[in-house]
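Here is the structure we will look at.
The values are calculated or read from the model by the stated rules, or taken from the named source; none is laboratory data. Not measured: the values here are computed from a predicted model. Please note: Cβ atoms are built from the backbone with ideal geometry, for glycine as well, and neighbour counts cover all protein chains shown.
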Amino acid sequence: MIKLQFKKIINKLVASALLISSAAMAAEIEAPVDMLKRTSDEVIQILKEKREAIDADPNLVYQIVNEYIVPQLDDVTLAKLALGKNWRKANNEQKIEFVDQFRSLLIRTYGKSLQEFSDQKINFFPVNMKADDTKVTVKSEVLQSGGPSIPMDYRLRLKDDAWKVYDIKIDGVSLVTSYKGTFTQEVRKGGIKGLLKMLHDKNSKMAVTPTEPETTNSDTTEQKS
């Protein structure tokens, strides 16, 4: 009888330890709204602090995007969704190059918009989530002085114990869907190679100077190939 009670106590202690461990692990994962708000606050603050430097050298804004925003993106999923069914037509090297070029395009596009960022504020709305959710949509709005607010929805997925953005809707228009239409047309015209060339050319034209802070070794390899 005593042995049976002792066994029950041990089982309860083990179960409690597992629950505490699981709760601790869950607490370590930053909530999607908290991650987005923290990143937004950091970027806005650094834009204010470095406004004069950015005006003098627009390249600095690309460094900010690369350092603060890119780590919060699931760029592989973004690329796969934007390429759609054509993702299966690409070989491994082309997929790697596409992700790299698409990331560069996002950096430059986002950087251009941040250069015009002044006194806007971003308001994030609470999200009702279940403990086992692995995907979530966070709604927000960009508040502009003297202008209407702009709704923005962030779609995130849990990846490697962190919430990552894999699509953004701006005023109801999906970033992924917008690019998907363009990419589909390019693949129809020139295949995956044609699409990669278009992206490379577009990124080069959007560059402020021949050498930008986010340029990688893979970019150099692509230019030589």
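Listed here are the residues, each with its yes/no results for (1) out of contact with any Cys (no Cβ under 7 Å at 6 or more places or on another chain); (2) without any contact (Cβ under 8 Å) to a residue 12 or more places away in the chain; (3) more than 18 Å from VAL176 (Cα to Cα).
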{"position": "PRO58", "(1), (2), (3)": "yes, no, yes"}
{"position": "ILE64", "(1), (2), (3)": "yes, no, yes"}
{"position": "GLU67", "(1), (2), (3)": "yes, yes, yes"}
{"position": "ARG108", "(1), (2), (3)": "yes, no, no"}
Checklist entry - Looking at the stretch 117-129, is at least one residue under 27 Å from THR184 (Cα atoms), surrounded by fewer than 16 Cβ atoms within 10 Å (Cβ to Cβ) and out of contact with any Asp or Glu (no Cβ under 7 Å at 6 or more places or on another chain)? => result no
Next on the checklist: Could you tell me how many of the residues in the stretch 40-87 are modelled with pLDDT of 95 or more and basic (Lys, Arg)?
Outcome noted: 2
Checklist entry - Any residue in the stretch 74-86 that is out of contact with any Pro (no Cβ under 6 Å at 6 or more places or on another chain), part of a helix (DSSP H, G or I) and surrounded by fewer than 16 Cβ atoms within 10 Å (Cβ to Cβ)? => result yes
Checklist entry - Which residues, counting only those in the stretch 23-72, are closer than 19 Å to SER113 by Cα, surrounded by 14 or more Cβ atoms within 10 Å (Cβ to Cβ) and aliphatic (A, V, I, L, M)? => result LEU36, VAL43, ILE44, ILE46, LEU47, ILE54, LEU60, VAL61, ILE64, VAL65, ILE69, VAL70
Checklist entry - Would it be correct to say that TYR68 is more than 23 Å from ASP160 (Cα to Cα), aromatic (Phe, Trp, Tyr) and in contact with a helix residue (DSSP H, G or I) (Cβ under 8 Å, 6 or more places away or on another chain)? => result no
